[in-house]
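The values are calculated or read from the model by the stated rules, or taken from the named source; none is laboratory data. Quick caveat, the model's predicted, so the values are computed rather than measured. Cβ placement follows ideal geometry from the backbone for every residue including glycine, while neighbour counts extend to all protein chains displayed. For accessibility, only protein heavy atoms count, side chains too; no ligands or nucleic acids. Shrake-Rupley method; radii C 1.70, N 1.55, O 1.52, S 1.80 Å.
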Amino acid sequence: MPSATKDSTILKIAVEMLNAPDKVPQLIEFDQSQPLSSIIQLLCKPWGRPDPDNYALQFSESNNQNYITEKNRNEIKNGSVLRLEQSPAKTVQDILSKINSGNENDQTTALSKLSTLSSDLTFALEFINKKGLTLIIHNIESGKFKGPSLKFALITFVELMDHGNISWDILENQFINKVASFVSNQSSTQDPRIIQSCLSILENIVLNSSGKNLHVEKEITIPSLISHLQNPYQDSIIQQNAIALLNAIFSKADVNKRKANAATLSSKQVRNVIYENLIGASEFSKNVSKEALGTELAHQLYVLQTLTLGLLEPKMRQRADTQEQESQEKIKELRKIAFDNDNNSLEVTTRHQLNNSTRDYKKLGFKCEIDPIKDFNEVPPGILALDCMLYFARNYSEDYRKIVLENSRAVEHECPFGKTSIELVKLLCDILHIGEPPSEQGQTYHPLFFTHDHPFEELFCICIALLNKTWKEMRATSEDFMKVLSVVREQINRALSASPKGFDKFRQRINQLTYAEITQIWQQERTNREVWESHARPIVELKEKITPEIIELIQQQRLGVLVGGTRFKKYSSRGQRIKDKFWFVRLSPNHKVLHYGDCDEKSTPSLEELGNKLAVSDIKCVVMGKDCPHMKDLRGRKVTPHLAFSLILKSAEESLDFVAPDEQIFDYWTDGINALLKEKMTSRCFENDLETLLSMDIKVRLLDAEGIDIPQDPPQIPEEPDDYDFYYDNN
């Protein structure tokens, strides 16, 4: 009788032969302890195949058709249906033969098959080793491939390079020119898949090659990329790839080139194209970034916004120079617009300049009244604050004069324009993360920034008026300055979180968020998340008693999340994110096996659809952040390491590597894995949930004690009586 260990290595599966309907599928016992070559030899014999070396097994799932190797054979499970197919080496030989000498139809058929198989790493390495990639590159740049053949060749090239085994530096300018011509040529209609692939190729060349970005910049213009946002196919992949290439060129360009690109992008014509084709179409969507657009397109718009606003960083980091004439002239112009109603009156202007400059600068709210330029020595916001103040004075002169006049009259409730403007610009830079590189996970962008030539300055103009309005509502004095700023920060954040489509919508929303409204919101939120923070011994002892129950409840919730499963973005072996590729992981209901496999952006695969398995008992531990194997080398990568975690296996130096889409998913999964491994949950989310649930439970238990002061120490127990002969009256 076979042992239990022997039985665990034997799987019952079915094997069919591809393109051979006359061959009846075989039902076999697949012994994981036997070499694959022996199993293939046994399969070939009943089907009359004398050359087993030319065959290999493949998975047959819709989302997994990879060749089975000694490394991935453990992914086979009971009841699987496998296919016997030509081996990678034989398939590569046949495909190369048809590409080199076949007729047009044979060539197209071979390239179509190649474009599908190239996503399999085993096949890709075989094809590359046989000089297949070199052949594809040569035939693309020479123009030999046309029509469908060109489409499949470009798809193949993208798939082969996505594995990360070949450097993008191998490409010559002739190949880049050819690929760029398909993007720039608007005179003839191209297959959408050709445009998709070419845009993706150019983006990777810009980001991953050594110096080739300059050549791509010469061959591709911004107008040609913007035109693809208006593509007649309404193809979102083309749109997101066009924006991605635009971002890549933008991020690699020097400062002067970035400014020129930004000027083009901020022009009304280009802004309208971006807004109307990508943002405005989702007028009725509450969450524009995630519902109306795909996650990748939302990410690319976020990156474009971040790079554009990043051009403000040099001024934000630049201290004002007392000797610099331009800044001095700007300060003088601020004073002139505020106090000289007749700007053509030389007499009035001269009088102010000679006699009243100190008094006027005090009215303008500068801290250094004698030399106001010193107020702009703090970085951030540097001279960016001066530019915003002047923009407000020039474009909203009446509002500017009104604010200055009102605050120059009152002393006790003075809201100094200069000081508040500098602090407000600093606050806006912090809220919008100006100066920080784009996050790999970021998707939050603000539609209103795509509706104006000077969005940051316009935002400042609305917010400086709001600050003065809030100051009055709070009846604030100079001692309340930081308190007012905290309220204004809340008003701005909440107004932006509503994703207003334009500055008028933003102004309308932020004016609704009065100080009274913000106070009410804060009070409600405090009530909702209030934690019982009493140090009384009865409460402490009650907490200690019910804490294990709460922890068990949190563990059940975390495991429920794992059973429900999560979609993660996919990364290559070098740790670079692969666009539009995702994988899904979920825990079996009995909490013993993790199932995972590839999926698309919107699907939620069932356990049966996930071809890979990992037993929980095989997991040694979970590591996080920079301790993860795929986070060891972060040079030149934008991955956020604090969202990374890895499952380290017991059997070998292997791991299952993740990058969570956000902090909540990261906390839920790391807590859930620790719960499975009987380890302590340590995430910040766990601590918050524990405190919240403890607070709620204690409040419910103490409802009967409402209004009763709980003493710090329990009441003293009275002394025992001399005897227990108590009088009892039957009447």
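In 5 Å bins starting at 0, how do the alpha-carbon pair distances of the stretch 363-412 split up by percent?
4, 19, 21, 25, 21, 9, 0
Would you grab the residues whose amide H sits under 5 Å from the one on Ile578? Only those 5+ places off in sequence or on another chain, please, with H modelled 1.01 Å from N.
Residues meeting the criterion, in which the H sits 1.01 Å from N, are Lys570, Tyr571, Ser572.
By how many nm would the segment from Gln86 to Trp522 lengthen if fully extended, with 0.36 nm per residue of separation less the alpha-carbon distance?
Full extension from Gln86 to Trp522 adds 150.3 nm.
Provide the per-residue ³J(HN,Hα) series for the stretch 210-220, in order, calculated from phi with Karplus coefficients 6.51, -1.76, 1.60 and θ = phi - 60°, each as a whole number of Hz, with x at glycine and proline positions.
Working through the residues one at a time gives 9, x, 6, 4, 5, 6, 4, 4, 5, 8, 10 Hz.
Rounded to two decimal places and with Rh computed the Kirkwood way over Cα pairs, what is Rg over Rh for the stretch 549-690?
So for the stretch 549-690, dividing Rg by the Kirkwood Rh gives 0.94.
Are any of the pairs Lys259/Lys505; Lys501/Lys569; Lys130/Lys650; Lys257/Lys330; Lys130/Lys581 more than 31 Å apart by Cα-Cα distance, and if so, which?
Lys130/Lys650
Out of the stretch 409-508, which trypsin sites (Lys or Arg not before Pro) are coil in DSSP terms and have no more than 12 other C-beta atoms within 10 Å?
Arg475
Determine the gain in length on full extension of the stretch Asp430-Glu313; use 0.36 nm per residue of separation and subtract their C-alpha separation, reporting nm with one decimal.
Details: separation 117, 0.36 × 117 = 42.12 nm, distance 1.15 nm.
Residue separation times 0.36 nm, minus the Cα-Cα distance, leaves 41.0 nm.
At most 12 other Cβ atoms within 10 Å and a DSSP loop assignment: could you name the GluC sites (Glu not before Pro) in the stretch 556-634 that fit?
Hits after loop and neighbour filter: Glu601.
Just the C-alpha atoms of the stretch 1-120: what Rg/Rh do they give, with Rh taken as the Kirkwood radius?
Details: Rg = 16.0 Å, Rh = 15.7 Å.
Answer for the stretch 1-120: 1.02.
With angles folded into 0 to 90 degrees, how steeply does helix 295-309 sit against the dominant principal axis of the chain? Use alpha carbons for both and round to 10.
In the chain, helix 295-309 runs at an angle near 40 degrees to the longest axis.
For Ser651, tell me the accessible area in Å² from a 1.4 Å probe, rounded to the nearest 10.
Ignoring ligands and nucleic acids, Ser651 comes out at about 100 Å².
Taking the alpha-carbon centroid of each part, what is the distance from the stretch 408-478 to the stretch 155-217 in angstrom?
About 41 Å separates the Cα centre of the stretch 408-478 from the one of the stretch 155-217.
Using r as the Cβ-Cβ distance of Lys680 and Leu703, and R0 as 25 Å, what FRET efficiency do you calculate, to the nearest 0.05?
The formula returns an efficiency of 0.20 here.
Compute the angle between helix 397-409 and the longest alpha-carbon principal axis of the chain, please, reported from 0 to 90 degrees and rounded to the nearest 10.
So the helix axis and the longest Cα principal axis differ by about 50 degrees.
Quick one: if the Förster radius is 60 Å, what FRET efficiency do Glu16 and Lys472 give, using the C-beta to C-beta distance and rounding to 0.05?
Once the sixth-power term is evaluated, E becomes 0.15.
Val15: net charge of surrounding residues, Cβ under 13 Å, Lys/Arg +1, Asp/Glu -1, itself excluded?
+2
Taking the Cα atoms only, what angle lies between the long axis of helix 104-117 and the longest principal axis of the chain, rounded to 10 degrees?
60
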